[in-house]
Every structure is written in structure tokens, then in C-alpha cells.
Amino acid sequence: MLRIMTVIKSALHDYGATGYIVGGFVRDRLLQIDTNDLDIVVDKDVFVVSRAVAEKLAGTLIVLDRENQVARVAIKQQSGRTLHLDFSALKGATIEEDLKHRDFTINAMAIPLMGDGNQLIDDVQGRSDLKAKKIRMVSPQAFAADPLRILRALRLAAHLDMEIDEATLKAMAVSAEKISAISGERIWEELSQLLLNADSYQYIRLANDRVDLWRYIFPQVNEMRGTEQNFYHRDNVWEHSLKTLCQLEGIIASPPLNHSIWSEVAADINRKLAANRSYLVVLKLACLLHDVGKTITQGRRPDGRITFYGHDKAGVKFVKDFAQRIKLSKVEKSALLTLVEYHMRPLALFNQPKVSAGAMYRLFSKLDNLINHCLLLSLADVTSTYLSTDNFEKLDQYRQYIGQMFHLAINEPEKYVHPPKLVTGHDLMQHLGLTSSKEVGQLLDEISLAQVEGLVQSREQALAYIKTKLK
């Protein structure tokens, strides 16, 4: 970092410019947290300085906003990590004026680059707010200027274990409606960072209770709030969904599974998906959205009991629209839609008098690499439901059942997840005169199912079985 600072100072000096380190780097330095990004404001042409720095450090210059003069220099480090140097133009005549346009006091401190690095410019008492562990807006106009700062306040509070002060919370609520005009990409960037935190629920809940934010992000929240549920629940659909997220984070913090199984599950849900985001972030999002289909499937039986037949499939449309709105990556969108569509399947099997090996295989094959995620979602969902009615006996039974499902998926995958192939598609085409088509894939699935159920055990038996089926 010392060499990088020297290069930046040299580029500023050669151009006759003045620069300041601002924002998160200053905050994290005071908190003694390592950071891999630098924000620098410059009082002259940003692109001249950033281009000179990129050339001297063999970095890549990226123009982020030509009109407002914002540039990034990306530098690949030996560790494999990428260091981002973000350059922006000074807003106002002085650095003090610039800092007053920033979001929170803890981000509105600066260090002059031409000094010895020990001078701190802090006209808004950011350092004292850091010590008090308080998120406080710089000005009442902070959220009107950029409503995304509402999510950023929640994300910073979660990440730094801080409290948002009362006046700031009230200002967030006043501007909450404006967040609907923010681009989906920016919303997902902040929301996903918030969900990464182990206890994101308390901040999701804070945004719900004090800011009323979510109805401007998830279009169906008002309908979910207004959807009464059946006697299995005491909560409306949205309240139940919030509590499902709470239960998921509780399960992860204290998993009701043996160590070896949980190690596999934890590694699976923390696998990276896109932009350094993990499956866990999508799983948490599924907790909030899994029951959205209930808003259009509510019905009543002759005895007055409320039903939601087909709500899992009905919810897919709403979730697909939302995924497009926030610009989820293709793999994130696919995972989210699968979790919403299949979240009821484990409970449906639990409610059957006897579950066959074939039924297990059908579910696991549909879920493929999302088995662990769906089982966790189901456990969190059902836990939220049973706790709302104090049905502890049923909850204990369901925990044991889900534990057994995890055992089968992780410890016996050759039987229930990926049974060894007895025949190939080429075998079917050669022996049965079939052409390469969707039918071949369906027949291979039929063989796997028969194999799981113990009906076939060899290549010859598999071919004979399919010949019989075709007849």
C-alpha cells in the first residue's frame, strides 16, 4: 500500500493537483480493519490523475461516470485479490464542503494525501460516532439525494455492529418510497451485502418496522401482509416470511445436525455464485419470497378452512419478475426460482404415511445441486409455522425427518441422488432403435428410478425393463 500511496502522491504533484483519501478507507483505518479499496477525491481533472496512476501501477483504467468525473483503477495483486482505486471530482470549493454532501458521518472524514497521513479532517464528528458505534446521517437531505443510502445504512449497521440513530431512522422512513426509482442492480448490490451478515434478520426487521422499506422493494409485500393464513399459522404471509429468515439464521448459528453432515451443508450453501455472492444470499432471499404465491391462491373449503393450493408454483411468476427487476445473474435467478417452486416438497413427503426411495430420488433429482438449500428452507419455513402455534412436538418430528433427509442426500448419494449409470443414451438408441431426443433422457430417468426402487440391478435388467415399459 505504501508504494501505491507514493505513486498517487507523485501523480497529484506532477499535475499540480490536491487529493484526499475519503470514505470507507478512513473509517476502516480508524477501526483497524483491513480494506482493499481506496476512495480519492481530486480538485482537478480526475481522468488525468487516474490515467497516470494506472500507467505507473500497470492497472486497468475504468471510466465509471464521464459526466461527473468518476474513474476506477483496478490493480491485480499477487494475492489474487484486486485493489480498487476510485477517483472522483471534489464536490464544492473545499474538502470540507465535499464531505458535507456524503451519506454518514463515519464516511465523511478525509486524510490529505499531500500531508504525512496523520491529519484527519472531521468536521461532522465521524470519529466520535465511530466510538459510539452510531450510524448518523450527515444532513437531513442525505436520503433524498440518494435513497439507496437507506439500504446502505442498514448494511453498514449490520457489518460494523452499530446502531442507526433515531433522527436518521426517521429520515430513512420519509424517503423510503423513493427507493423504487433506484436501479435494480444497485438495490441488489446493497441488499445482497446486507444478507451476507449472519444476523441480517434484525436489520431486515428494523427496515420493516421502522422504515417500511420492503413494500417499495418487493411489490407484493402489502398483499402478503393482508393475506390471512390457515389454522397452522398465527402470522400473515409477510410476517411468517420474515420469521422464516430469522429461523434460517438461527438454524445456521446452531445447526440441529451432526458435525460431519453440517460441514458438508455449510460448505455447500457458502459456495460462490456470482459477483462474489454465495448461495446463502439467494437462500435468504427465498425465505422472504417463498410464500408470495399465497396472495393469489387463497381459497376456502366448505368447512371454512383456508387453503393455498398450488401457491408454490404460483409464486414463481412474482419471483421471476422480481429477479428481473433487481437483475439477478442467470444462475442466481435459476436457484431462486427452484427454491420457491419446490419449497413445499419436503413437507409434502413428511405428511405421507410412508415415503418410498423413489419419492426421495424424484425430489433430489429435481433439486440437483440445491438439495441442501431446499431442505434448509423447508426446515426454516416449518419451524416458523410450528413455533407460531407452539406445536413443539410436531416441530421435533420434522427436525428429525429433515435430519434423515440430509443423511440420505449426503451419506447415501449413490442410492438417492446419483445412482451409478447402468446404461447410456447410446445403449438405448442402439438396442431400442430410438433417435437422440428428449425421450431418451426420460427413459434414462425411468431406469434410475427403477434402480433406486430395486427393480433393476444390471445393464441387461435395465434394457429389459425399458422394453417392457415401451410395450
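Do you know which residues across region 357-394 are acidic (Asp, Glu) and assigned to a helix (DSSP H, G or I)?
Result: Asp368, Asp381, Glu393.
Here's a check for you: in region 82-103, which residue that is closer than 21 Å to Val138 by Cα and of a type in the set (S, T, N, Q) is surrounded by the most Cβ atoms within 10 Å (Cβ to Cβ)?
First, the residues of region 82-103 that are closer than 21 Å to Val138 by Cα: 88-103.
Cutting the leftovers down to of a type in the set (S, T, N, Q) gives us 88, 94.
Working: Ser88: 21, Thr94: 12.
Taking the candidates together, the pick is Ser88.
Filtering region 311-366 down to residues that are open to solvent by less than 50 Å² (accessible area, probe 1.4 Å) and polar (S, T, N, Q), which residue is farthest from Ser192 (Cα to Cα)?
Within region 311-366, the match that is farthest from Ser192 (Cα to Cα) is Thr338.
Only one of (1) among the acidic types (Asp, Glu); (2) part of a loop (DSSP other than H, G, I, E, B); (3) more than 30 Å from Gly59 (Cα to Cα) is not met by Asp129, so which one is it?
Result: Asp129 passes all but (2).
When the residues of region 13-47 are narrowed to those that are among the acidic types (Asp, Glu) and not in a helix (DSSP H, G or I), which ends up surrounded by the fewest Cβ atoms within 10 Å (Cβ to Cβ)?
At the first step, the residues of region 13-47 found to be among the acidic types (Asp, Glu) are 14, 28, 34, 37, 39, 43, 45.
Filter once more, so that each one left must be not in a helix (DSSP H, G or I): 34, 37, 39, 43, 45.
Details: Asp34: 7, Asp37: 14, Asp39: 18, Asp43: 18, Asp45: 14.
So, considering only residues that are among the acidic types (Asp, Glu) and not in a helix (DSSP H, G or I), the one surrounded by the fewest Cβ atoms within 10 Å (Cβ to Cβ) is Asp34.
For region 293-310: of the residues being closer than 18 Å to Tyr342 by Cβ and not small (Gly, Ala, Ser), which is most open to solvent (accessible area, probe 1.4 Å)? Working first, answer last.
Filtering region 293-310 for residues closer than 18 Å to Tyr342 by Cβ gives 293-294, 297, 308-310.
Those left that are additionally not small (Gly, Ala, Ser): 294, 297, 308-309.
On the way: Lys294: 13, Thr297: 28, Phe308: 20, Tyr309: 159 Å².
Among them, the one singled out is Tyr309.
Yes or no: Ser329 within 20 Å of the chain's Cα centre (by Cα) and within 26 Å of Pro413 (Cβ to Cβ)?
Working: within 20 Å of the chain's Cα centre (by Cα): yes; within 26 Å of Pro413 (Cβ to Cβ): no.
Criteria not met by Ser329.
Yes/no per residue for (1) open to solvent by less than 30 Å² (accessible area, probe 1.4 Å); (2) under 17 Å from Ser365 (Cβ atoms):
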site	(1), (2)
Ile410	no, yes
Pro413	no, yes
Pro419	yes, yes
Gly441	no, yes
Gln457	no, no
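Only residues that are free of Cβ contacts under 8 Å to residues at least 40 places away in the same chain and not in a helix (DSSP H, G or I): list them for region 236-257, please.
Within region 236-257, Asn236, Ser254, Pro255 meet the criteria.
Each row is one residue, and each column tells you yes or no for (1) open to solvent by less than 40 Å² (accessible area, probe 1.4 Å); (2) part of a helix (DSSP H, G or I); (3) over 13 Å from Asp291 (Cα atoms).
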residue: Asn208; (1), (2), (3): yes, yes, yes
residue: Pro219; (1), (2), (3): no, no, yes
residue: Met224; (1), (2), (3): yes, yes, no
residue: Arg234; (1), (2), (3): no, no, yes
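So which helices (runs of 4 or more DSSP H) stay within region 311-356 end to end and still have 1 or more residues that are small (Gly, Ala, Ser) and more than 22 Å from Thr297 (Cβ to Cβ)?
Values: elements: 311-325, 330-342, 345-350.
Once the helices (runs of 4 or more DSSP H) in region 311-356 are filtered for at least 1 residues that are small (Gly, Ala, Ser) and more than 22 Å from Thr297 (Cβ to Cβ), what remains is 330-342.
Return yes or no: is Gln430 open to solvent by 80 Å² or more (accessible area, probe 1.4 Å), over 16 Å from Ala359 (Cα atoms), at pLDDT below 85 and in a helix (DSSP H, G or I)?
yes
Within region 68-83, which residues are of a type outside the set (Ser, Thr, Tyr) and either part of a loop (DSSP other than H, G, I, E, B) or out of contact with any helix residue (DSSP H, G or I) (no Cβ under 8 Å at 6 or more places or on another chain) (or both)? Walk me through how you get there before you give the answer.
Within region 68-83, the first condition is being of a type outside the set (Ser, Thr, Tyr), and the residues that meet it are 68-78, 80-81, 83.
Selection gives Asn68, Gln69, Ala74, Lys76, Gln77, Gln78, Gly80, Arg81.
Which of (1) of a type outside the set (Val, Ile, Thr); (2) free of Cβ contacts under 8 Å to residues at least 12 places away in the same chain; (3) in a strand (DSSP E or B) is the odd one out, the single condition Trp262 does not satisfy?
With (1) of a type outside the set (Val, Ile, Thr); (2) free of Cβ contacts under 8 Å to residues at least 12 places away in the same chain; (3) in a strand (DSSP E or B) applied to Trp262, the lone miss is (3).
Take Ser50 and decide whether it is surrounded by 15 or more Cβ atoms within 10 Å (Cβ to Cβ), in a strand (DSSP E or B) and touching a residue at least 12 places away in the same chain (Cβ under 8 Å). Full working, then the answer.
On the way: surrounded by 15 or more Cβ atoms within 10 Å (Cβ to Cβ): yes; in a strand (DSSP E or B): no; touching a residue at least 12 places away in the same chain (Cβ under 8 Å): yes.
For Ser50, the condition - surrounded by 15 or more Cβ atoms within 10 Å (Cβ to Cβ), in a strand (DSSP E or B) and touching a residue at least 12 places away in the same chain (Cβ under 8 Å) - is not met.
Of the numbered conditions (1) on the phi < 0 side of the Ramachandran plot; (2) at pLDDT 90 or above, Gly16 satisfies every one except a single condition; which is it?
The number of the failed condition is (1).
Determine which single condition Leu273 fails, assuming it passes every other condition in (1) assigned to a helix (DSSP H, G or I); (2) farther than 24 Å from Glu412 by Cα; (3) open to solvent by 30 Å² or more (accessible area, probe 1.4 Å); (4) of a type in the set (A, V, I, L, M, F, W, C).
Leu273 satisfies all of (1) assigned to a helix (DSSP H, G or I); (2) farther than 24 Å from Glu412 by Cα; (3) open to solvent by 30 Å² or more (accessible area, probe 1.4 Å); (4) of a type in the set (A, V, I, L, M, F, W, C) except (1).
The values are calculated or read from the model by the stated rules, or taken from the named source; none is laboratory data. Treat the numbers as computed from the prediction; the structure is a model and nothing was measured. All Cβ positions, even for glycine, are placed from backbone atoms using ideal geometry, and neighbour counts span all protein chains on display. Accessible surface is based on the protein model in full, side chains and every heavy atom, while ligands, DNA and RNA are left aside. Shrake-Rupley method; radii C 1.70, N 1.55, O 1.52, S 1.80 Å.
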